[in-house]
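Below is one structure, written out as structure tokens; the observations come after it.
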Amino acid sequence: MSNPKYLRLVWNTWYFEMAIPKVIQHHFGQTKFYQTTKFKFEEVKKAEIYGLELARIHRNLIKKVKSMSEDPEYRTGLQLNKLLNEYRNYDSKNPPINFPKEHNFDDFKDQLVESVFEDIDEIKKNSGEEKAQEVSDISFGTKKYLKNIIEDWATNELERRLKPKTVDSRRSNVELICQSFPTVEYFFKENNVKNWLHSLFKDKGFTPSRIQKVCDSGKSFFNYLVDIEVIKYSSNNPVLNPFVVPKEYRIGKNHDSKSKFIQRPWQPMSVDEVICCYQEAINKEDSQLSDLIMIGAYTGLRISEICHLEIDDIKLREGFLKVKDSKSESGIREVPINEELKPRIRELIKQSQDGFIISGLTFNKYGKRSDAIGKRFGRLKDSLGFSDRHVFHSTRKTVGTTLENSNVKENIASDILGHKKQHITYKVYSGGANMKIKKESMKGIHYDWNKKVKSPNQIIEEKEKKEAIRNGKLKSTNQ
């Protein structure tokens, strides 16, 4: 079996490897990019997704360096920088070995710097002050333009094992930051970052949630600049990260918070509301969506967990399924299969064309199968009149509510739903509830999928109709 593209197996660990074109190898000081993915042999799927993301980042980096190398002014700056660095560590007492003895080396260095300024003045006349300043910064190494560091930062984020989707989201915010703050000096002007964040809210229409994400990305980028010493930090010169969410835009998590903006949690659906969504999916002949809703309603699995369930994860004879791909360690678990769900699971196993329980879903660029069907669920529940706080995760809350109303102990519910346990005894010392107890706990979950239910829109329409009849604006059909 050949290795996946860009990957190489070294001592049971997958490494990323990508050649650098010869024409720009001097820029990187190496012939290839090479780094560990930290994924083991059996995690080849995850390593492949990670490797493709690294390849995309490094292709962009190569493209950027190539474009800069084709820029004559940029090449001039590099040549001048190389020339200055060549003589920077020498003086008249310690000149280069081949330097003519009849010449004064210090005078030569002065003339060299003057010639650099002459070249920069020429660029200023031909290409403008901004380009001349950029060449000057490259030549003397006085400034590093932050936009040129974004790719290195993104690679570092991936090396920290952040998800590619998270890195891409942060990258767009960092690019926004670098447009307004081209060099680090701009960060330290009084209230510069704070005023900029205010302008995003007032002039650009950014929500407090978006400003929070911009600040999170800014903190990460700023810390990276400190790590690579673009920003100098010492005990004598401590620097404070300026990307702090202004008090006005902080989002409170509790209803009694004094913050102007309060985080609103996802709302659970009632059993009838889940049935309503299922019936609408059936009406639309979307069997993938109806199966997704049914599995979620009986198990409390997250949408991504359902979409990544493989046939091999289903143990019908034993009566449970294995969740191997989850957002947290607590999410890796075994969940009972409700007796009402078993017939449909059996059919799905027979029908599968690709080894997954919900067959036919496609992977996105991050290796996730749940994005497209998640959007379909969003459109479906919107058409029925559900609020923006009702999402697929609401079915998970339906299961949690049912377990609580069935007097299931919290530690057992945590094992079923894949949550961290709160109490230290069970959290540290317990291996989890056994399958017999979990099966018994889930017997209270029941749905009558053929029951006649009304959507939120239908309930509102009926209420408005009754109100109109009461006010005499509409005649009752009973009259």
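The values are calculated or read from the model by the stated rules, or taken from the named source; none is laboratory data. Only a predicted model underlies this, so the values are computations on that prediction, with no experimental measurement involved. Here the Cβ positions follow ideal geometry from the backbone for every residue, glycine too, while neighbour counts run over all protein chains shown.
Inspection of the range 232-242 finds a residue satisfying the criterion of being modelled with pLDDT of 85 or more and part of a loop (DSSP other than H, G, I, E, B).
Of the helices (runs of 4 or more DSSP H) lying entirely inside the range 292-384, those carrying at least 1 residues that are in contact with a strand residue (DSSP E or B) (Cβ under 8 Å, 6 or more places away or on another chain) are 303-307, 342-351. Taking the numbered list (1) closer than 27 Å to C276 by Cα; (2) touching an Asp or Glu at 6+ places or on another chain (Cβ under 7 Å); (3) not acidic (D, E) in turn, I295 passes all entries but (2).
From the list E310, E347, E329, the lone residue that is out of contact with any Leu (no Cβ under 8 Å at 6 or more places or on another chain) and closer than 26 Å to K443 by Cβ is E347.
For the range 279-293, enumerate the residues that are in contact (Cβ under 8 Å) with a residue 40 or more places away in the chain and either farther than 19 Å from S359 by Cβ or under 28 Å from the mean Cα position of the chain (by Cα) (or both).
So in the range 279-293, the residues in contact (Cβ under 8 Å) with a residue 40 or more places away in the chain come out as 279-281, 284, 286, 288-289, 291-293.
Once the filter is applied, which keeps residues that are in contact (Cβ under 8 Å) with a residue 40 or more places away in the chain and either farther than 19 Å from S359 by Cβ or under 28 Å from the mean Cα position of the chain (by Cα) (or both), the range 279-293 yields Q279, E280, Q288, L289, D291, L292, I293.
The residues on offer are E334, E310, and the sole one that is surrounded by 15 or more Cβ atoms within 10 Å (Cβ to Cβ) and within 22 Å of R376 (Cα to Cα) is E310.
Yes or no: the range 357-370 includes at least one residue that is at positive phi and within 24 Å of the chain's Cα centre (by Cα). Steps first, answer last, please.
Filtering the range 357-370 for residues at positive phi gives 360, 367.
Filter once more, so that each one left must be within 24 Å of the chain's Cα centre (by Cα): 367.
Within the range 357-370 (the criterion being at positive phi and within 24 Å of the chain's Cα centre (by Cα)), the answer is yes, since at least one residue qualifies.
Taking the stated definitions as given, is I149 modelled with pLDDT of 75 or more and hydrophobic (A, V, I, L, M, F, W, C)? Criteria met by I149. Whenever a residue of the range 41-65 is under 18 Å from P21 (Cα atoms), its partners that are among the aromatic types (F, W, Y) and modelled with pLDDT under 80, lying with C-beta atoms within less than 8 angstrom and at least six residues away or across chains, give the pairs V65/F28.
Within the range 193-211, residues that are touching a residue at least 12 places away in the same chain (Cβ under 8 Å) have Cβ atoms under 9 Å from residues that are among the small types (G, A, S) and not in a helix (DSSP H, G or I) in these pairs: P208/S259, counting only partners at least 6 apart in sequence or on another chain. Among the residues of the range 331-358, those that are in contact with a Ser or Thr (Cβ under 7 Å, 6 or more places away or on another chain) and in contact (Cβ under 8 Å) with a residue 40 or more places away in the chain comprise I332, V335, S352.
Inspect the range 197-214 for any residue being of a type in the set (K, R), surrounded by fewer than 18 Cβ atoms within 10 Å (Cβ to Cβ), over 30 Å from F39 (Cα atoms) and at pLDDT below 75 and give the result as yes or no. It would help to see each step written out before you state the result.
Filtering the range 197-214 for residues of a type in the set (K, R) gives 202, 204, 210, 213.
Next cut, surrounded by fewer than 18 Cβ atoms within 10 Å (Cβ to Cβ) only: 202, 204, 210, 213.
Restricting the remaining residues to those that are over 30 Å from F39 (Cα atoms) gives 202, 204, 210.
Checking which are at pLDDT below 75 leaves us with none.
The answer is no, given that none of the residues of the range 197-214 is of a type in the set (K, R), surrounded by fewer than 18 Cβ atoms within 10 Å (Cβ to Cβ), over 30 Å from F39 (Cα atoms) and at pLDDT below 75.
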